[in-house]
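This report concerns only the one structure given below.
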Amino acid sequence: MYKIVAVCASGVGSSLMTKLYAQQIVDSEGINASVENSDITSLSPRDYDIIIPTSDFSDALSGYEDKIVSVSNLTDKQALRDALVAKVNELEG
């Protein structure tokens with residue numbers, strides 16, 4: 001099971017919305033994953049397989065670039081789906 005986390009500044013705005021979208025995506029794609037949301041200061045990146053940050057926090061996650069799913073517009077569900085599925089495929093090798 002993959003552990004996925006959506007991250008924003010407070011952990012209740014953008015990350016909550018992204019968590020809901022990501023959960024819909026993994027469910028519809030049949031991906032065995034749990035999806036959480038977090039604020040950037042509480043995040044422990046090593047605890048997750050995939051991290052979906054708002055664009056302003058990608059730099060704060062240096063050293064974990066291999067875990068990041070980067071989407072410039074988090075409300076674009078198709079872009080998020082494409083990026084998330086690509087990351088899962090990458091992890092499955």
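In segment 2-15, what residues are at pLDDT below 95 and surrounded by fewer than 21 Cβ atoms within 10 Å (Cβ to Cβ)?
ALA9, SER10, GLY11, VAL12, GLY13, listed by residue number.
Okay, residues lined up against (1) farther than 19 Å from ARG81 by Cβ; (2) in a strand (DSSP E or B):
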residue	(1), (2)
ALA6	no, yes
VAL12	yes, no
THR18	no, no
TYR21	no, no
ASP27	no, no
ILE31	no, no
VAL35	no, yes
SER38	yes, yes
THR41	yes, no
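Take ILE40 and decide whether it is at pLDDT 95 or above and among the β-branched types (Val, Ile, Thr).
Answer is no for this residue.
Being under 16 Å from GLY11 (Cα atoms), loosely packed, with under 11 Cβ neighbours inside 10 Å and at pLDDT 95 or above is the filter here, so list the residues in segment 43-81 that pass it.
If the condition is that a residue be under 16 Å from GLY11 (Cα atoms), loosely packed, with under 11 Cβ neighbours inside 10 Å and at pLDDT 95 or above, then no residue fits.
Select from segment 29-42 the residues that are among the β-branched types (Val, Ile, Thr) and either out of contact with any Lys or Arg (no Cβ under 6 Å at 6 or more places or on another chain) or surrounded by fewer than 17 Cβ atoms within 10 Å (Cβ to Cβ) (or both) and list them in ascending order. It would help to see each step written out before you state the result.
Of segment 29-42, the ones among the β-branched types (Val, Ile, Thr) are 31, 35, 40-41.
Answer for segment 29-42, where residues must be among the β-branched types (Val, Ile, Thr) and either out of contact with any Lys or Arg (no Cβ under 6 Å at 6 or more places or on another chain) or surrounded by fewer than 17 Cβ atoms within 10 Å (Cβ to Cβ) (or both): ILE31, ILE40, THR41.
Only one residue in TYR64, TYR48, TYR21 is touching a strand residue (DSSP E or B) at 6+ places or on another chain (Cβ under 6 Å) and aromatic (Phe, Trp, Tyr), so which one is that?
Testing whether each residue is touching a strand residue (DSSP E or B) at 6+ places or on another chain (Cβ under 6 Å) and aromatic (Phe, Trp, Tyr) leaves just TYR48.
Can you name the condition, by its number, that VAL26 falls short on among (1) touching a helix residue (DSSP H, G or I) at 6+ places or on another chain (Cβ under 6 Å); (2) open to solvent by less than 30 Å² (accessible area, probe 1.4 Å); (3) within 17 Å of ASP76 (Cα to Cα)?
Of the numbered conditions (1) touching a helix residue (DSSP H, G or I) at 6+ places or on another chain (Cβ under 6 Å); (2) open to solvent by less than 30 Å² (accessible area, probe 1.4 Å); (3) within 17 Å of ASP76 (Cα to Cα), the odd one out for VAL26 is (1).
The values are calculated or read from the model by the stated rules, or taken from the named source; none is laboratory data. Note that this is a predicted model, so its numbers are computed, not measured. Neighbour counts are summed over all protein chains in view; Cβ atoms, including those assigned to glycine, are modelled from backbone coordinates with ideal geometry. Protein only, heavy atoms only, side chains kept; ligands, DNA and RNA dropped before computing areas. Shrake-Rupley method; radii C 1.70, N 1.55, O 1.52, S 1.80 Å.
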